[in-house]
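Just below is one structure, and these are the notes that go with it.
The values are calculated or read from the model by the stated rules, or taken from the named source; none is laboratory data. Note that this is a predicted model, so its numbers are computed, not measured. All Cβ positions, even for glycine, are placed from backbone atoms using ideal geometry, and neighbour counts span all protein chains on display. Just so you know, the surface numbers come from the protein's heavy atoms only, side chains and all, with ligands and any DNA or RNA stripped out. Shrake-Rupley method; radii C 1.70, N 1.55, O 1.52, S 1.80 Å.
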Amino acid sequence: MKRFKGFIKKEFYHIFRDRRSLFILFGMPIAQIMLFGFAITNEINNVDIAVLDHSKDVITQEIITKIASSKYFSIQQLINNEGEIEAIFKKGKVKAVLIFEKDFSKNLTKENNATIQIITDATDPNTANTISNYTNSILQKYQQEINKNIKTPYQIIPKTRMVYNPELKSVFMFVPGVMTIILMLVSAMMTSISITREKELGTMEILLVSPLKPFQVIVGKVIPYVFLSIINAIVIVLLSIFIFKMPVQGSLFLLGIESVLFIVTALSLGILISTISETQQTAMMISLMGLMLPTILLSGFIFPIASMPLPLQVISNIIPAKWFVIILKGIMLKGVGLTFLWKETLILVVMTLFFIALSIKKYKIRLE
């Protein structure tokens, strides 16, 4: 046991001596969480739009003022005819054009309806759809204000209530996904590189014939990354809470236990990668390409799994990140406990045991 503790201490010294490893362990997670939290968002703010007002009356000016005063839009220019629209879109700065029909105020007061055409640049479909929804929301709010004292018979008013994320903040969606990506990449990649480095330098054979058992060698290489990954998880949660105001509705203790379980899953996957890698470069490429893309694309982090073709839905079930994202959203946003998350937890446990068993089998073959 004394030798084993000394071996673990040596691994910690080796990690802290390598500045590149420290940057990957602590610099990359902080940079990614800040980048995803601030830069990558589904929300729109100060989007440049243009207005073509054929009517130029009091009501159209009121609507234009309301749109311009919102934080979502900035009226870049007023145009005079439809012929200018295509040229504006080709420049790429203006993302939408609002067109008020002729005699807008007259049609609204006498015929009780008037038309505003919203033309959006759909080269980015999500942004175009969001612009359309935000504009319709502003117009509906204005319509309610002018109809305040007018009773319309048989009026059906739908009321929508958003639960768990009423303000529709995209950062609440990105934080669980980014935390999953960071823990998966850092844990699996650093573990696989650390073990593969010993093989590449020829020191693994020396370690395996030392008084330490092969199992102790592998565990000793992994334990430092367990502690460092836990620190990463704590840092990410603290940044999420204090900078992005991410709520944690559920138990922090359960969140910690589930995070440790996922870290162990990722580390066991890193050990498995090290069994098939002969060089550090190979281990890094497998970790980046073989883990990052499936984690982003098939975990439900960005794209809903239910919208994917059936074969991809089936493949997503073997991606550990999918189940951890569900666990994080359940604990942080919904406030649910293990009663609702036992299935996802059990799947991660089974995956971890499978990766460990497969790694042990491959290492036994190598030793023989």
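Here are the numbers for the structure shown:
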quantity	calculated
Region 73-89, residues that are aromatic (F, W, Y) and either at pLDDT below 85 or open to solvent by 70 Å² or more (accessible area, probe 1.4 Å) (or both)	F89
Answer residue from region 43-65, given it is open to solvent by 20 Å² or more (accessible area, probe 1.4 Å) and of a type in the set (D, E, K, R) and is modelled with the lowest pLDDT among those	E43
Region 181-209, subset assigned to a helix (DSSP H, G or I) and of a type in the set (V, I, T), residue modelled with the lowest pLDDT	I206
Among the candidates K322, K329, residue that is within 14 Å of M351 (Cβ to Cβ), surrounded by 13 or more Cβ atoms within 10 Å (Cβ to Cβ) and out of contact with any Lys or Arg (no Cβ under 6 Å at 6 or more places or on another chain)	K322
Wholly enclosed helices (runs of 4 or more DSSP H) of region 52-129 bearing at least 1 residues under 30 Å from S170 (Cβ atoms)	58-69, 85-91
Some residue of region 315-323 being part of a helix (DSSP H, G or I), of a type outside the set (D, E) and touching a residue at least 40 places away in the same chain (Cβ under 8 Å)	yes
Residue count, region 237-259 (criterion: of a type outside the set (S, T, Y) and within 12 Å of L333 (Cβ to Cβ))	6
Given (1) charged (D, E, K, R); (2) in a helix (DSSP H, G or I); (3) at pLDDT 80 or above; (4) open to solvent by less than 40 Å² (accessible area, probe 1.4 Å), number of the condition E11 does not satisfy	(3)
